[in-house]
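Below is one structure; the comments refer to it alone.
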């Protein structure tokens, strides 16, 4: 029997859902139907760049939030390096 999984399968690790479904005789198919679009990056950039001392920590509740954080971190790191010639300003 075919089983349709509407999700993005992992790219860098074995797919545990596929493995399990195959182990019980099913034929899994993953169809990625979502596209990640980051919103509020400007707000995040402003907080990280200018108001980070107002926060005692950061809690990320998904891999997408961690990817957004890393995107801003790399952007700001690159900007600081470009402006001063030194990494980190």
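The values are calculated or read from the model by the stated rules, or taken from the named source; none is laboratory data. Note that the coordinates shown come from a computational prediction; the quantities given were computed from them, not determined experimentally. Reconstructed Cβ throughout: ideal geometry from the backbone, glycine too, with neighbour counts over all protein chains shown.
Summary table below
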{"read-out": "Filter pass, residue 28 being closer than 25 Å to residue 72 by Cα and surrounded by 10 or more Cβ atoms within 10 Å (Cβ to Cβ)", "value": "no"}
{"read-out": "Subset of the range 3-38 (residues that are within 16 Å of residue 66 (Cβ to Cβ) and either in contact with a helix residue (DSSP H, G or I) (Cβ under 9 Å, 6 or more places away or on another chain) or in a strand (DSSP E or B) (or both))", "value": "10, 36, 38"}
{"read-out": "Qualifying residue in the range 45-64 (condition: under 16 Å from the mean Cα position of the chain (by Cα), modelled with pLDDT of 80 or more, more than 23 Å from residue 77 (Cα to Cα) and not assigned by TED's automatic domain parsing to the domain that holds residue 7)", "value": "yes"}
